[in-house]
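See structure below.
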Amino acid sequence: MKKFLFLFLAFFFFFLVIFQTSFLNHFSLWGVLPNFILIFLILLNFLENSRENSGLVLAGFSGFLLDFFSGLQFGVCFLTFIFLALLIKKFLKSLGEENVVYFALVLIVSLIFYNLVSFALNSIFKLSFVFYFNLSKFDFFEIAYNLAVGVAIFGLISYVRKYF
């Protein structure tokens, strides 16, 4: 990836973290916010070449920034984003092609993986070894909401890549 594009994406994720943690939490829909950082990380790693590592570096960078602003233990977002970028680049991306249906499947798997791994890492870092993870209606609505936003952004990016 070119240096200018990498720097642009680094600043984009920096402002996205600030925007999501400070401004967007005032506009929740039934207590749920779209996780734009996660959606754009999944998009970046899904659309990027498998041999490039800039998606992995930007995942670590945005996870590190999000650790400062989240209520989770420090390092949970960093490790979760790194694991997620590796999962997409090494396993999920090699199973299919870049179309909206396959992206939706990768997004669903990634959102479930993100929720499970961040819960497990937060429990480990707190030294609380009671692993009671309950997927409630709230979590399914969050996944559906992020899926709708992610597919819409993927469609927009696909349109821009095709015609511009």
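Throughout, read-outs are computed from the coordinates displayed, never taken from laboratory work. Remember, predicted model here, so these are calculated numbers, not experimental data. Virtual Cβ from ideal backbone geometry, glycine too; neighbours counted across all protein chains shown.
Modelled spin labels at GLU52 and VAL151, positioned 7 Å past Cα toward Cβ, are 2.7 nm from each other.
Between 0 and 90 degrees, the angle of helix 137-163 with respect to the longest Cα principal axis of the chain falls at about 10 degrees.
Each Lys and Arg adds +1 at its Cβ and each Asp and Glu adds -1 at its Cβ; summed about the Cα centre, the chain shows a dipole of about 300 debye. Dividing the summed -39500 (n - 2.57) terms of all DSSP H runs of n ≥ 4 by the residue count of the chain sets its mean residue ellipticity at 222 nm at -22500 deg cm²/dmol. Within the chain, the longest segment free of exposed loop sites, counting trypsin sites (Lys or Arg not before Pro) that fall outside DSSP classes H, G, I, E and B and have at most 14 other Cβ atoms within 10 Å, spans 52-125. Between LEU95 and ILE18, the modelled labels are 3.8 nm apart [label points 7 Å from Cα along Cα→Cβ].
Listed by chain and number, the aspartates and glutamates whose C-alpha is less than 12 Å from the C-alpha of LYS89, apart from same-chain residues fewer than 8 away, are GLU48, GLU52. For segment 41-118, a crude dipole built from +1 on the beta carbon of Lys and Arg and -1 on the beta carbon of Asp and Glu, taken about the Cα centre, is about 140 debye to the nearest 20. Residues considered: SER50, SER28, SER123. Largest GNM mean-square fluctuation over the chain, using C-alpha springs under 10 Å, is found at SER28. To the nearest ten degrees, helix 100-125 and the longest principal axis of the Cα atoms of the chain are 30 degrees apart.
Against the chain, whose longest principal axis is taken from its Cα atoms, helix 76-87 shows a tilt of about 40°.
Pair-distance distribution P(r) for the chain, from all Cα-Cα distances in 5 Å bins starting at 0: 1, 9, 16, 21, 23, 16, 8, 3, 1, 0, 0 percent.
Can you give the Kirkwood hydrodynamic radius of segment 12-58 from its Cα pairs, in Å with one decimal? Hydrodynamic radius (Kirkwood, Cα pairs) of segment 12-58 is 11.8 Å. Note on PHE68/LYS2: beta-carbon distance plugged into 1/(1 + (r/R0)^6) with R0 of 35 Å gives a FRET efficiency of 0.80. Between PHE74, PHE119, PHE23, the Gaussian network model of the chain with springs among Cα atoms under 10 angstrom shows the greatest mean-square fluctuation at PHE23.
Across the options LEU147, GLN73, VAL101, the greatest Cα extent toward the positive end of the charge dipole of the chain (unit charges at beta carbon of Lys, Arg, Asp, Glu) belongs to VAL101.
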